[in-house]
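Presented below is the structure to which this report refers.
The values are calculated or read from the model by the stated rules, or taken from the named source; none is laboratory data. These figures come from a predicted structure and were not determined experimentally. Here the Cβ positions follow ideal geometry from the backbone for every residue, glycine too, while neighbour counts run over all protein chains shown.
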Amino acid sequence: MLTVLFGNIVTPFEIRENAGLVIENGRISTVDTISGLQNLIDRVPNFQVYNFGHDLIMPGLIDLHVHGCAAGDVMDGSLESMKALTQTALTGGATGLLLTTRTSSIEHLTDVLHAMGALVDSDADRAARVLGFHVEGPFINPKRAGGQPRQFACSPDLGLVESIVEAGKGRIRIMTLAPELPNGLPVVKYLVDQGITASLGHSDATYEEAVSAINHGLSHFTHAFNAMPPLHHRTPGALAAGLLHPRVTAELIADGIHVHPAVLELVYKLKGPDRIALVTDSTAAGLAPGRYTRAGRELVVDDRTVRLPDGTLAGSKLLLNNALKVCVQEARIPLCDAVRMASTTPARVLGMGNKKGALLAGFDADVTVLSRDFSVRAVMVGGQFRFQRGE
């Protein structure tokens, strides 16, 4: 059976009003105006139509950096937590995500990767799809640990990295590390050779050290501006290297707190939408204000932030639909470009840009529908609705 979605189609460069999307066997087969699709509707006897009126139909949003939610944490290592996390991400419009680990002992990290592997390979949870792992640490600079457990931070070691990659069984897509640490550059090269995106994060690297890492193949910055030295006109640091280099993609946590909207706009004007990936860095999406112990650490949660008891930001409560809202309404980024930052660019970072991240014929039918106020109306994964909000 064919499925037809009508509404306002968000393409990478424009919003096509009164347009439609035809889905067949889990893939997009046609994108056209309603009038252009009329002949198909007239001659095909068996199809189902969903009319979303003035709502925005866009490619499924992809989150490259998710730690947890109200009901679970990646470092719990339980399938129950992961299913809760994928369901929560779905309510924010995500059709795919990377389960993101936290700095820990190597033993615990590899145990989590083994335990979570089943969810990566399975789609039985009927939620957002897990597209792999983002391993954040333990090879981070303790000077820039931020919300990460400083006691487990260590210098990169090729043997340990190999053991982590082996435990990931081909599912690790991104690894965050501080390349200025001893053995950092050989590890960057190893990751690139393995097809894993090497990302600078929780780093105290100088401008020169960051440039060297980029020249060795590093191509991503984890939650840019956070857990790294700020820009300075005489000591520009790693940030300047990442913002200036055309190959580097910068993650931005667009909650209006981790990065001020004016800085979001500044980075957008400098990097453009094809080199920015909106992420949530969610640790507690949906969690009510209060004090909690999660995966062995205490979190203080209020209406907008998640912090350690000393006030350090420790992830966020953000969902991707709200990241789009901040970008458009507060950072003055055009909607089509913001969607590219939340879908098209993350898909490219994952090496999936030929099948996800755009509403094009032949692409996977991963679709997010948002109302004009950025609330999530519906989410479709592989041609099947997995979330629908009633009127």
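Quick one: would you say Gly137 is touching a His at 6+ places or on another chain (Cβ under 7 Å) and closer than 20 Å to Arg294 by Cβ?
Working: touching a His at 6+ places or on another chain (Cβ under 7 Å): yes; closer than 20 Å to Arg294 by Cβ: yes.
Considered against the rule, which asks whether it is touching a His at 6+ places or on another chain (Cβ under 7 Å) and closer than 20 Å to Arg294 by Cβ, Gly137 comes out as yes.
Going residue by residue through region 199-208, is there one that turns out to be among the aromatic types (Phe, Trp, Tyr), touching a Pro at 6+ places or on another chain (Cβ under 6 Å) and assigned by TED's automatic domain parsing to the domain that holds Arg129?
Initial filter on region 199-208 (among the aromatic types (Phe, Trp, Tyr)): 207.
Remaining after also requiring touching a Pro at 6+ places or on another chain (Cβ under 6 Å): 207.
Filter once more, so that each one left must be assigned by TED's automatic domain parsing to the domain that holds Arg129: 207.
There is at least one residue in region 199-208 that is among the aromatic types (Phe, Trp, Tyr), touching a Pro at 6+ places or on another chain (Cβ under 6 Å) and assigned by TED's automatic domain parsing to the domain that holds Arg129.
Can we say Ala342 is buried (at least 23 other Cβ atoms within 10 Å of the Cβ) and outside the structural domain of Gly170 (by TED's automatic domain parsing)?
Values: buried (at least 23 other Cβ atoms within 10 Å of the Cβ): yes; outside the structural domain of Gly170 (by TED's automatic domain parsing): no.
Answer is no for this residue.
Among the listed residues Asn8, Asn18, Asn39, which satisfies the condition of being farther than 25 Å from Gly286 by Cβ and loosely packed, with under 13 Cβ neighbours inside 10 Å? Break it down into steps so the answer makes sense when it comes.
Details: Asn8 fails: loosely packed, with under 13 Cβ neighbours inside 10 Å; Asn18 fails: loosely packed, with under 13 Cβ neighbours inside 10 Å.
Among Asn8, Asn18, Asn39, only Asn39 is farther than 25 Å from Gly286 by Cβ and loosely packed, with under 13 Cβ neighbours inside 10 Å.
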| request: Please tell me if Ala127 is under 14 Å from the mean Cα position of the chain (by Cα), more than 18 Å from Gly296 (Cα to Cα) and in the same structural domain as Phe221 (by TED's automatic domain parsing). | output: no
| field | Residue among Leu231, Leu218 that is out of contact with any Phe, Trp or Tyr (no Cβ under 6 Å at 6 or more places or on another chain), on the phi < 0 side of the Ramachandran plot and at pLDDT below 95 | value | Leu231
| said: Take Leu160 and tell me if it is crowded, with 17+ Cβ neighbours inside 10 Å, farther than 25 Å from His108 by Cα and either acidic (Asp, Glu) or touching a residue at least 24 places away in the same chain (Cβ under 8 Å) (or both). | reply: no
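Give region 248-297 a look and list any residue that's in a strand (DSSP E or B), under 20 Å from Leu85 (Cβ atoms) and of a type outside the set (Phe, Trp, Tyr), or say none. Step through it out loud before you land on a result.
Start the filter on region 248-297 by keeping residues that are in a strand (DSSP E or B), which leaves 249-253, 276-279, 282, 285, 290-294, 297.
Among the residues that remain, those that are also under 20 Å from Leu85 (Cβ atoms) are: 251, 253, 277-279, 282, 285, 290, 292-294, 297.
Of everything in region 248-297, those that are in a strand (DSSP E or B), under 20 Å from Leu85 (Cβ atoms) and of a type outside the set (Phe, Trp, Tyr) turn out to be Glu251, Ile253, Ala277, Leu278, Val279, Ser282, Ala285, Gly290, Thr293, Arg294, Arg297.
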| remark: Of (1) closer than 23 Å to Ala115 by Cβ; (2) buried (at least 24 other Cβ atoms within 10 Å of the Cβ), Gln194 satisfies every one except (2)
| field | region 60-90: number of residues that are touching a residue at least 24 places away in the same chain (Cβ under 8 Å), closer than 23 Å to Thr222 by Cβ and not in a helix (DSSP H, G or I) | value | 12
| query | Condition test on Met341, is it out of contact with any Asp or Glu (no Cβ under 7 Å at 6 or more places or on another chain) and either acidic (Asp, Glu) or part of a helix (DSSP H, G or I) (or both)? | reply | yes
| message | Can you say whether His54 is within 19 Å of Leu320 (Cβ to Cβ), out of contact with any Phe, Trp or Tyr (no Cβ under 9 Å at 6 or more places or on another chain) and in contact (Cβ under 8 Å) with a residue 60 or more places away in the chain, as far as the supplied structure shows? | response | no
| task | Please tell me if Asp310 is in contact with a Lys or Arg (Cβ under 9 Å, 6 or more places away or on another chain) and not in a strand (DSSP E or B). | result | no
